[in-house]
Amino acid sequence: MRPERGCGGAIRAALAMALLLGAPDASAQGPDATAGITARLNIERGREGRAALRRSPVLDRIAAAHAEDMARRGYFAHSAPEGTGPQDRALRAGYRACLVAETIARGVPSAPQALAGWMQSPEHRRSILLRRATEFGMGHASDDIWVLLLAWPGC
């Protein structure tokens with residue numbers, strides 16, 4: 001996917017809706033801000049007839065490292081300033097995959113709210129519902145930066 005530019009409106013709208021509905025904030029999720037996201041993600045996939053995803057600790061680490069890098073170096077994009085993207089980061093971590101897709105969000109206070117915003121965006125929704133994806137990982141960093149990686153390991 002391309003660097004995020006114009007999807008903030010959909011994420012802000014989903015955030016407003018989630019706040020009205022009383023979605024939990026990150027402080028209510030305990031030490032792991034992404035706890036509980038597996039069930040929510042798989043509910044969204046199940047609604048569209050997609051198979052459930054398994055959470056991958058390796059993808060969690062890759063996603064968290066990218067979120068932390070963006071926060072530390074002050075950028076917000078799928079590609080790092082030196083041009084490395086999600087597939088590059090996966091390979092560097094020893095994760096071989098036929099498919100790696102990434103969605104990112106900034107300024108959203110919780111993982112469920114980030115997911116709700118992504119599901120409101122056609123491009124992000126397509127990534128989350130990829131039929132070939134079998135695993136996922138999610139990371140969070142300061143400035144409420146979220147990274148969701150979806151993958152099909154192998155190849």
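Would you point out which residue out of LEU91, LEU150 is open to solvent by less than 40 Å² (accessible area, probe 1.4 Å) and not aromatic (Phe, Trp, Tyr)?
LEU150
VAL108: of a type outside the set (Phe, Trp, Tyr) and open to solvent by less than 20 Å² (accessible area, probe 1.4 Å), yes or no?
Answer is yes for this residue.
Only residues that are in contact (Cβ under 8 Å) with a residue 40 or more places away in the chain, surrounded by fewer than 16 Cβ atoms within 10 Å (Cβ to Cβ) and more than 13 Å from the chain's Cα centre (by Cα): list them for segment 37-49, please.
The answer is GLU48, and nothing else.
Can you give me the number of residues within segment 135-147 that are surrounded by 22 or more Cβ atoms within 10 Å (Cβ to Cβ) and not hydrophobic (A, V, I, L, M, F, W, C)?
Counting residues in segment 135-147 that are surrounded by 22 or more Cβ atoms within 10 Å (Cβ to Cβ) and not hydrophobic (A, V, I, L, M, F, W, C) gives 3.
Please specify each residue of segment 117-134 satisfying the condition of being over 12 Å from the mean Cα position of the chain (by Cα) and open to solvent by 20 Å² or more (accessible area, probe 1.4 Å).
Correct list: GLN120, PRO122, GLU123, ARG126, LEU130, ARG131, ARG132, THR134.
Between GLU102, GLU68, which is open to solvent by 20 Å² or more (accessible area, probe 1.4 Å) and touching a residue at least 60 places away in the same chain (Cβ under 8 Å)?
Being open to solvent by 20 Å² or more (accessible area, probe 1.4 Å) and touching a residue at least 60 places away in the same chain (Cβ under 8 Å) holds for just one of GLU102, GLU68, which is GLU68.
The values are calculated or read from the model by the stated rules, or taken from the named source; none is laboratory data. As the structure is a computational prediction, the values presented were derived from the model and not from experiment. In this analysis, Cβ positions are derived from the backbone assuming ideal geometry, glycine residues included, and neighbour counts consider all displayed protein chains. Side chains included, ligands, DNA and RNA excluded: accessible areas come from the protein's heavy atoms. Shrake-Rupley method; radii C 1.70, N 1.55, O 1.52, S 1.80 Å.
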